[in-house]
Amino acid sequence: MANEIMPATPTAAAIAADDGSGGSPFGEANVTGISVENPSLVEGLLALAMNASGAERCRLQQQAEELLQDVACPSFFDMVSCWPRTPPGTLAVLPCFAELKGVQYDSSQNATRFCNVDGTWDNYTDYDRCEHLEQPPPLPSFEPEIELPTLIYFVGYSISLAALVLAVAVLVYFKDLRCLRNTIHVNLFLTYIMSSSLWILILSLQITVKLEVAGCIFLVTLFHYFSTTNFFWMLVEGLYLYMLVVQTFSGDTLRFRKYAIIGWGGPLIFVGAWAIAKPFFGSVSNLEHPSKLEIECSWMRESHIDWIIQGPSCAVLVINLIFLLRIMWVLITKLRSANTVETRQYRKASKALLVLIPLLGITYLIVIYGPVEGVGSHIFAITRAILLSTQGFVVSLLYCFLNSEVRQTLRHHFYRWRDERNILSGKVNNHHRRPTFSKDNSPRSRTESTRTVEYSIVTMKHSCVLRD
């Protein structure tokens, strides 16, 4: 009856072979006492076998065993495991392989192969106990520096787009709000609308369908143009405020046509030069931080030629920063000369600073550079996405919806619409004659309240100038 070979320490003739797949070494047969004609040759072949792996190790081991004179099953490679030299009539045992072709197996179990009494291996190797392990489903990959900022940009641009469209409709529809300052605001809002819309459109097309080369070039060029006009209209805002506050005369002396040439015409020069030079310069691929979205269009990849449009944008931010410092200096000087307490002065100065930062694009300077590795880079990418994507919303909120001029106009038109509706319906507004109460609890008629509102509207029509 065949006896199972127990693991033993291998001698020079019985080495521990590796299956090449991460299994444990096996040295099963002890061939002590075997006579060898040329021991030095055997030792040389065994030394080579120890440095080889898999099938090559088995082949070298077989060559070493050819010089042995005993009867045994020679080392054999069955395309999976390397079975060591085994005495006849014995069941060889090897631990199961830990991994095979990417599948994990239970290496605590054993595989067997029988060595016949005539020194030949059986034709069958028993791997039935080598069962593969059930692997837990891999967790979905999530890279915050790519996916989360993109989602934030999409949501932020969508919110900004809705707010900006409504703000433009308000400033354009009501004639009471038409003046040079609000006209400049409207043009700035339009650049935000176009750049946000094109960003959302390009991202949506990139995810859903494959852009054709011509369509990609057109959309990317258009996006860069409106992004650059956004910076140039920030420059117009800064120039208008600088002339109004620092130069101490109204910015209306510069006609809107000149501002339009700066805001819409200036970017044409730089974007046109970029579009001409772009096909002749290769893109710079970021291999360390690849994007999950495969960019098929070469015009969407970054290159050194992009500085043709990035350089003027950075120059605009620097100029606006100088404008902001000069405006704040004049404002603080005027506040100090006024008869107000110091705390109130600094409060007004801080309020003016916070209001002007998004209008002049200083937010871009705050997040222009940050960490590129580690947790800090993730936090910076998320913060940058929040600030930049919601900048259009913040500007529309400060310079339209929270503006006292706009609110008074909307209130006035609402009262007039309500009165006209009541008159047309033939109903008498008895509640107009009911007394209302002011903050000091003194009664005041509805007529007086309406007259006060109308007076403020008339005054507002003739005072479309910068308010603190």
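The values are calculated or read from the model by the stated rules, or taken from the named source; none is laboratory data. As the structure is a prediction and not an experimental result, all values here were calculated from the model. FYI the Cβ positions are ideal-geometry reconstructions off the backbone, even for glycines, and counts take in every protein chain you see. Areas reflect the complete protein model, heavy atoms only, side chains present, ligands, DNA and RNA absent. Shrake-Rupley method; radii C 1.70, N 1.55, O 1.52, S 1.80 Å.
For segment 105-120, give me each residue that is open to solvent by less than 50 Å² (accessible area, probe 1.4 Å) and within 12 Å of PRO87 (Cβ to Cβ).
Those that are open to solvent by less than 50 Å² (accessible area, probe 1.4 Å) and within 12 Å of PRO87 (Cβ to Cβ): CYS115, ASN116, GLY119.
Do you know which residues across segment 296-333 are surrounded by fewer than 18 Cβ atoms within 10 Å (Cβ to Cβ), under 14 Å from MET243 (Cα atoms) and in contact (Cβ under 8 Å) with a residue 12 or more places away in the chain?
Within segment 296-333, ILE319, ARG326, MET328, VAL330 meet the criteria.
Give the number of residues within segment 250-282 that are outside any helix (DSSP H, G or I) and modelled with pLDDT of 55 or more.
Residues meeting the conditions: 4.
Which residues, counting only those in segment 184-220, are more than 21 Å from the chain's Cα centre (by Cα) and surrounded by fewer than 16 Cβ atoms within 10 Å (Cβ to Cβ)?
Answer for segment 184-220, where residues must be more than 21 Å from the chain's Cα centre (by Cα) and surrounded by fewer than 16 Cβ atoms within 10 Å (Cβ to Cβ): GLU212, VAL213, ALA214, GLY215, PHE218.
So, restricting to helices (runs of 4 or more DSSP H) that lie completely within segment 377-468, which ones have at least 1 residues that are modelled with pLDDT of 50 or more, in contact with a helix residue (DSSP H, G or I) (Cβ under 6 Å, 6 or more places away or on another chain) and farther than 26 Å from ILE159 by Cβ?
It comes to 404-424.
How many of the residues in segment 78-123 are touching a residue at least 40 places away in the same chain (Cβ under 8 Å), in a strand (DSSP E or B), closer than 20 Å to GLU134 by Cβ and aliphatic (A, V, I, L, M)?
1
State yes or no: is LEU148 open to solvent by 50 Å² or more (accessible area, probe 1.4 Å), in a helix (DSSP H, G or I) and not β-branched (Val, Ile, Thr)?
For LEU148, the condition - open to solvent by 50 Å² or more (accessible area, probe 1.4 Å), in a helix (DSSP H, G or I) and not β-branched (Val, Ile, Thr) - is met.
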